Amino acid sequence: PIEETTNRIIAKVRAKVEHPFRVIKCQFGYVKTRYRGLAKNRAQLFTLFALGNLFLVRRKLMA
């Protein structure tokens, strides 16, 4: 009862948080990173997450 409710709430949050990571890994192929400097890696991740956000809302944008 209480544990099931808690697990359901945690699962809802986890699904919303992990979905962008799936998009970045599967759609854009970002599995491993090379060390090119912290600034370049951070810039690449910011770009990938921005593209991932656009990918997730692409149907709403096209309508």
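One table, with the values for the structure above:
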item	result
Sites Leu56 and Ile10 - FRET efficiency at Förster radius 25 Å, r taken between beta-carbons, to 0.05	0.70
Residue-normalised accessible area of segment 1-62, given per residue in Å² at a 1.4 Å probe	91
Expected 222 nm ellipticity per residue - DSSP helices of 4 or more, -39500 (n - 2.57), all of the chain, to 500	-23500 deg cm²/dmol
Cβ charges +1 (Lys, Arg) and -1 (Asp, Glu), total dipole of the chain, debye	380
Solvent-accessible area, 1.4 Å probe, carbon plus sulfur percent, for the chain	63
Pairwise Cα inverse-distance average, inverted: Kirkwood Rh of the chain (Å)	13.8
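The values are calculated or read from the model by the stated rules, or taken from the named source; none is laboratory data. This is a predicted model, so every value here is computed, not measured. When we count neighbours, we look across all protein chains shown, and the Cβ atoms used for this are built from the backbone with ideal geometry, even at glycine. What goes into the accessible areas is simple: the full protein's heavy atoms, side chains included, and nothing from ligands, DNA or RNA. Shrake-Rupley method; radii C 1.70, N 1.55, O 1.52, S 1.80 Å.
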